[in-house]
Every structure is written in structure tokens, then in C-alpha cells.
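Asks: Once you've had a glance at the structure underneath, I'll fire off some questions.
The values are calculated or read from the model by the stated rules, or taken from the named source; none is laboratory data. None of these values were measured; they are calculated from a predicted model. Note that we place each Cβ from the backbone using ideal geometry, even for glycine, and neighbour counts take in every protein chain shown. Accessible surface areas use protein heavy atoms only, side chains included; no ligands, DNA or RNA. Shrake-Rupley method; radii C 1.70, N 1.55, O 1.52, S 1.80 Å.
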Amino acid sequence: MTSSLPHQPRITFDGVVGQVDFTQVPRFAGPATFASLAQPHETGDLDVAVVGVPFDAGVSYRAGARFGPQHIRIASRLLRPYNPEADAWPFLGQQVADVGDLGVNPFDIQTAITTIENGARGVLERAGKMLVLGGDHTIALPVLRALHAQHGPISVLHFDAHLDTWDTYFNSPYLHGTPFRRASEEGLLDLEGCMHVGTRGGLYGPGDMDQDRALGFVPVRCEEIEYIGVRGTVERMHARLGDRPVYVSVDIDVLDPAFAPGTGTPESGGLTSRELLMMLRATSGLNVVGADIVEVSPSYDHAEITGIAAAHVGYELLSAWAPKLDPLRAPGSTRGV
Ligand code: MN
Ligand code: MN
């Protein structure tokens, strides 16, 4: 293992290389990696790779999600080592590194999809799990292909205002409104185990929901969440997902535009950040094999609202994956190292 650079002293614990030590380097300095985490050449084997996919050629309305990964990374520098709600050390309980961005063709969607699938397979050879920073939602399809090759049929836990199970748009089958229909058609999904959370807004007709159900999804719509709350939603999640291999896909537009203005296809009446973060925290008991955060479009953001929300989505996902540390040995405890 390489030691940290002299001007970037890092927190370490039990051989795990964590964030830059913000007691010695201000948070606004240092590398623009996710949460100022190490790059893979600075660490040993990875439990989790954070990988950017700056691709937005699949959007149907506002563009700009290609700048999502760097925006989320910059907004993630306030994340701290210990998450008290989850009682988790997301960056020290497991080895996480930011492996950078995939070099994705910005003009040709098919080529981009192939590059992303191959890139995801390559990352999974190096790391047990992958947290993908998008990019528009098209990227979920090639990531699911890579995960299916490892785990078989995948249950998708899909946070989104939209279904993303449309068929085509302008006769194009591959775009950010279709990844889960294509994934279902390709046999990548567990048809008994997929669900949407936070769905809302208009459709073209009631038949859209019937088609969606046939593709393997059940929805918990925002209207319903208002009545059953976070607790009731989490119960639905656990009942539907059980111990199946789960891919958590977070379209940031699941949040109300008040909490995430910087996105491509906003819909009014969405979740609060607090609701979403609590639901993600509750995935710690699930068999999650990977996740994405997509549709962050910085040019529509204000005061980093969307970037900060997305950074905290990543924080809760990584916290949910981190094995618990012995409290008597954990950093910062009075009897710790
Ligand atoms: Mn959406
Ligand atoms: Mn989406």
C-alpha cells in the first residue's frame, strides 16, 4: 500500500485509507475526489469503488448531467467520518476509493453504453461494490448488465419521480426514460422484486402503470408516502426486496424541486431530503450489490442544494454498506487507537 502524499495526510484505521485529514487540510483544499477519499493507487484492495459516468446524451429535456459527477464530488467535501444515525464509519469501516470517471462517448449512445458496461465490469474486478455517480439515467442499463453477470437477476429499488419504463422516444430505444424496460426485456431483472419509490406526476394513460407492473415493478407513489410515511415505505421495501440482490438507483428528481432544483426533468410534489435519506439508511438490512445517483444537472442548481443532497445520498448508501466497527476500538472513542 502506498502511503498518503505529504501534503494530503489521511485518516487511516486498521489498514483502511480514509479521507484527507481535515484537521490538517481545510475541506476546501485537497483533491476533488468524492468525500476527499483516496484514489485506488493510494489504497489496498477496494470494498467499494466510487466511479463517475459523465454522460447525458440520453436526456429528453434539460441537458447537463454530464457535469453531475464533479458537482457531487465538490459538494461531498463536508461529509464527516462518522454517521451517528447509522452508527457507521462509511470511509473507515470499509476501503472506499474514488476511481475517477469513465471516458464515455458524448455523441453515440450505443458506444457509450458498451463503454459503461465494460467499465463497470472492470471496476467490479477491482472492487466488491460500485457507487456510480451519473450522468443521466441511461447509465443504469449497462451497470445492470455488469451486475447481472455477477449476481444473476437483480431487484431494482428505484427512487425516481418517473417510471423510466417507457418504450421509445423519437424512435430511440436507449435513453434516460427507458433503462428499466430494456433491462427487464434483457432478463436482467428479478420480476418479483423490483419497485419504484417516490413516483408522481402525469402519465400518458393508466395503461402505463399496467405495462410497468408487467416489467417487474410495483410503485410506492408520493401520494401514498404522505399517508404511510417513511416507516410504512420502508416496510414495503423490506417485504418486496427480502434478501434478493438489490441495485439501488437514485434519480435525484425523486426529491421535490425545492430540495433538488438541479435536475433535468423536475416534477413538483416530491420527497424531502430527510425522507429520502431515512429510506436509504433503512437499506442497511438489504443485500445491496450496487447503487447509482443520477440526473444531477449542476447548471440548474443553486447554492449547491442538489449537489449536497446527492452527496448525502452517497453518504447514506456507503454508511449502509459499512461493516460495524467495535465501539471500543473505533476512532474517536475514548479507548480507541
Ligand atoms: Mn426522473
Ligand atoms: Mn430517472
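Asks: Over the chain, what is the relative contact order in percent, taking alpha-carbon pairs closer than 8 angstrom and at least six residues apart?
Replies: Details: 764 pairs, mean separation 67.3, N = 337.
Computed over the chain, the figure is 20 percent.
Asks: Another one. Taking the alpha-carbon centroid of each part, what is the distance from region 167-220 to region 94-135 in angstrom?
Replies: When both Cα centres are located, 23 Å separates them.
Asks: Once you sort the root eigenvalues of the Cα gyration tensor of region 221-337 as a ≥ b ≥ c, which label holds: rounded (a/c under 1.5), prolate (a/b larger than b/c) or oblate (the other case)? Write down the numbers at each step before the final one.
Replies: Numbers: a/c = 2.08, a/b = 1.36, b/c = 1.52.
The shape class here is oblate.
Asks: How long are the semi-axes of the equivalent ellipsoid of the chain, taking √(5λ) for every eigenvalue λ of the Cα gyration tensor, in whole Å from largest down?
Replies: 31, 21, 19
Asks: Considering the dipole of the chain built from charges on the beta carbon (Lys and Arg +1, Asp and Glu -1) around the Cα centre, which of GLY100, ILE252, VAL53 is farthest to its positive end?
Replies: GLY100
Asks: Quick one: net charge around PRO6, please, counting Lys, Arg +1 and Asp, Glu -1 for every other residue with C-beta under 13 Å from its C-beta. Let's see the in-between values first.
Replies: Working: positive: ARG10; negative: ASP21, GLU42.
Around PRO6, the surrounding residues sum to -1.
Asks: Suppose every K and R has +1 on its Cβ and every D and E has -1 on its Cβ; what is the size of the dipole of the chain about the Cα centre, in Debye to the nearest 20?
Replies: Using only the charged Cβ atoms, the result is roughly 860 debye.
Asks: How much of the accessible area of the chain, in percent, comes from carbon and sulfur atoms when a 1.4 Å probe is used?
Replies: C and S atoms contribute 53 percent here.
Asks: Turning to a different aspect of this structure: Write down the accessible area per residue of the chain in Å², having rolled a 1.4 Å probe over the full set of protein chains.
Replies: I get 41 Å² per residue for the chain.
Asks: May I pose another question? Of THR33, GLY68, PHE91, which is farthest on the positive side of the dipole of region 16-101, counting Cα position, with +1 on Lys and Arg Cβ, -1 on Asp and Glu Cβ, and the Cα centre as origin?
Replies: Positive-most Cα among the choices belongs to GLY68.
Asks: So which chymotrypsin sites (Phe, Trp or Tyr not before Pro) in region 5-76 end up in coil per DSSP with only 10 or fewer other C-beta atoms within 10 Å?
Replies: Loop-located and lightly packed - PHE28.
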